[in-house]
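The values are calculated or read from the model by the stated rules, or taken from the named source; none is laboratory data. This is a predicted model, so every value here is computed, not measured. Cβ placement follows ideal geometry from the backbone for every residue including glycine, while neighbour counts extend to all protein chains displayed. Surface areas here come from the heavy atoms of the whole protein model, side chains and all, with no ligands, DNA or RNA. Shrake-Rupley method; radii C 1.70, N 1.55, O 1.52, S 1.80 Å.
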Amino acid sequence: GRRVAVLMSGGVDSATSAVLLLRQGYDVVGLTMRIPRCIPDESDSETGAGPAVEGARSLARLLGIPHVALDVADEFRAFVTDPFRGFYASGRTPNPCSDCNARVKFGLLMDYAERELGSPLVATGHYARILTARGECLLARADDRSRDQSYFLAGIPRERLERILFPLGGRSKNEARALAAEARLPVATAADSMEICFAGQGDYR
């Protein structure tokens, strides 16, 4: 099947997306970004968020797919954390997830996946859909509006949408958890992660 790089965070949504793509016959490889954290904890390495990388690697092993961790510390600081600080310092509200999606996940990592992993396609566990209208790919809201994440993906250049897959766009969170449980993944019952990834559980202010 066609190769697809699943951007794995170590959570249930990206892992379930990998499960669905494997069932559809894709050649799946897991890809996780190593990022600097403003508030490291004892399990972090010097180059990034250790728990996220190790969690994703463990899930990839359970699924029987290869896994790659890419250090994007410099780019993440330039595109995400430095602007985050700058916005707050100037009295504005930043949107780091939107910046990360547009510049890092569906920019840097997407280019790396195609160039180094031979993967023209990238998938994530985001709750959003990509539709085709008049021969053009368009970003659309998820079927489950309570989980819709299209707002955080709106900055992705439209010409990249044809190479992106959102396997959970037509499913609910409960369905994702059920699929993960069926695949015997330990994250099936894990609590939702709502914190800013580079701040961990600390006070980002």
Gap separating the Cα centres of the range 1-25 and the range 98-121, nearest whole Å: 15 Å
What figure, in Å² to the nearest 10, do you get for the accessible area of ASP144 with a 1.4 Å probe and non-protein molecules left out? 40 Å²
Applying the gyration tensor rule to the Cα atoms of the range 122-205 (axes a ≥ b ≥ c; rounded if a/c under 1.5, else prolate if a/b exceeds b/c, else oblate), the class is oblate
Net charge contributed by nearby residues that have their C-beta within less than 13 Å of ALA133 (K/R +1, D/E -1): +1
How much accessible surface does VAL68 have with a 1.4 Å probe, in Å² rounded to 10? 40 Å²
Can you list residues from other chains, or at least 5 along the same chain, whose modelled amide H is less than 5 Å from the amide H of GLY125? SER14
What's the local net charge at PHE79, with K and R +1, D and E -1, over the other residues with C-beta under 10 Å away? -2
For ASP144, other-chain or 5+-apart residues with amide H closer than 5 Å (H placed, Pro excluded) are ARG171
Amide H contacts under 5 Å for ARG3, placed H, 5+ residues apart: ASP27
In terms of the alpha carbon gyration tensor, root eigenvalues a ≥ b ≥ c, rounded if a/c is under 1.5 and otherwise prolate when a/b exceeds b/c or oblate, the range 113-165 is oblate
